[in-house]
Amino acid sequence: MGESIYDQNRELQRKLDQFLKQARANEKKQELYETFGFEIIGANTPKQLRDLLLSQIISRFQLLDVVLCLVDHHKDAERLFFDHDEEARLLLENKLLILDTLKDVEIIHTLVSHPLLGVEALKRYPWMIANLKTRNQIKSAAFLPLLRSDRITGALMMLSHDPHRYQEGVGTLFLQKLSAMTAVAVENCLNQQRLKEISYQDVLTQAYNRRYFDLRFKDEIARCIRWDDDLICMFLDVDYFKKINDTYGHQIGDLVLRRMVSLIKEQVRSCDIVARYGGEEFVVALPSTSLQAAHEIAERLRQAICSTTMNFMNKQFTVSVSIGMASLRNMLTAQQHDVDFICSAMLDSADKALYEAKEGGRNQVAVYADRIS
């Protein structure tokens, strides 16, 4: 009988040790999830959040891969997350899926509001992993919906090569917390970036302001040098703008400047940077663009502006612009790759070309061709 009691005590001790071991494991797991959750909520930029959710999460949670899917209610998620970073876009295009609220409405309606674990998540949402290089190694998944105010804003799919990692019916408390914190992090981070961009806009024209252009222009120069791409800096100045103000008044002059921005944006790409540089002068940066292609764009823009009839407050008139351009390739020498120097040189060269266009009779395009010594 004594031996029986002893065996029972040993079995109880073994079970207690297992419970304690599991409790400690759960405690560590909870700490891991909460630490990561606070990190993503504290992300200051979409780029930082993108790195946490699409790269660091894989090593932190020992995943095979991950996919973040976002419903683009504001039509700006892709731009905010990639910020014209083509290198990151190519690297992560299959891991960050942006759903359009009109084109992808049927897909959006399939997103459930509760977590799905195991092979069920893979069967229900095969399109989320269709273009992953790791798709053939995936054995289990956790589908975590992102919810804000009872509205689906996206989903996070965590993928594992272990068929037992995520199983249907297994507790999802940690994952639900991560899901909620991810939804908050995405919303807060993108809203902060939207507010930040408002401070980068020219109040009158809604083009970017000079401060933002100077920051972005240096980044684009560095990127184009790294990738051996060309980049064009284009200055545009409204011809005889003072005469427009004197003849029609400053209010109409302001409306002309707004129309200028609209016409410029119609002729350039979404990845190009359009900014008001001062007064009636605008600057456009065209990354990964040859001088010949930029010259064609400038000519189309010049013709579009001078052929457009301005019709404001029963006043009808036409305006023209002078355009000066400079090419990054013409700024580079074997000795000079300093970004600050090149930035100043390109702006100065494009401004000199603009002066040539105005001195040559206005309503024309001039290119600065001299190489920096």
Pair list, Cβ under 8 Å, 6 or more apart: segment 356-373 residue on the phi > 0 side of the Ramachandran plot, other residue of a type in the set (S, T, N, Q) and at pLDDT 95 or above: ARG362/SER320; ARG362/SER322; ASN363/SER320; ASN363/SER322
Select from segment 157-208 the residues that are out of contact with any Pro (no Cβ under 6 Å at 6 or more places or on another chain) and hydroxyl-bearing (Ser, Thr, Tyr) and write down the one among them that is farthest from GLU120 (Cα to Cα). THR205
For segment 240-251, does any single residue satisfy the condition of being surrounded by fewer than 15 Cβ atoms within 10 Å (Cβ to Cβ) and either under 20 Å from THR289 (Cα atoms) or under 25 Å from the mean Cα position of the chain (by Cα) (or both)? no
Among residues of segment 312-355 being aromatic (Phe, Trp, Tyr) and in contact (Cβ under 8 Å) with a residue 60 or more places away in the chain, the residue surrounded by the fewest Cβ atoms within 10 Å (Cβ to Cβ) is PHE317
Qualifying residues in segment 255-311 (those that are among the small types (Gly, Ala, Ser) and more than 26 Å from the chain's Cα centre (by Cα)) - the one nearest to ARG226 (Cα to Cα): ALA298
Subset of segment 312-326 (residues that are modelled with pLDDT under 95 and closer than 29 Å to ARG226 by Cα): none
Residues satisfying the stated conditions in segment 116-132, i.e. surrounded by fewer than 20 Cβ atoms within 10 Å (Cβ to Cβ) and over 23 Å from the mean Cα position of the chain (by Cα): VAL119, GLU120, LYS123, ARG124, PRO126
Check segment 5-17 and report whether any residue there is within 17 Å of PHE174 (Cβ to Cβ), assigned to a helix (DSSP H, G or I), at pLDDT below 85 and open to solvent by 80 Å² or more (accessible area, probe 1.4 Å). no
Answer yes or no: is there a residue in segment 59-79 that is open to solvent by less than 20 Å² (accessible area, probe 1.4 Å), of a type in the set (A, V, I, L, M, F, W, C), under 25 Å from LEU286 (Cβ atoms) and modelled with pLDDT under 90. no
Count of residues meeting criterion [closer than 18 Å to ARG194 by Cα and surrounded by 17 or more Cβ atoms within 10 Å (Cβ to Cβ)] in segment 80-114: 6
Name the single residue that is most open to solvent (accessible area, probe 1.4 Å) among those in segment 144-181 being under 19 Å from ASP76 (Cβ atoms) and either in a helix (DSSP H, G or I) or not small (Gly, Ala, Ser) (or both). ARG151
Among the residues of segment 339-351, is there at least one that is at pLDDT 95 or above, more than 23 Å from ARG216 (Cβ to Cβ) and not hydrophobic (A, V, I, L, M, F, W, C)? no
Does TYR200 count as free of Cβ contacts under 8 Å to residues at least 60 places away in the same chain and crowded, with 18+ Cβ neighbours inside 10 Å? no
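The values are calculated or read from the model by the stated rules, or taken from the named source; none is laboratory data. Given the structure is predicted, the values throughout are model-derived calculations rather than measurements. Because the Cβ atoms are built from the backbone with ideal geometry, glycine has one as well, and the counts that use them run over all protein chains shown. We work out accessible area using only protein heavy atoms, side chains counted, and drop any ligands, DNA or RNA first. Shrake-Rupley method; radii C 1.70, N 1.55, O 1.52, S 1.80 Å.
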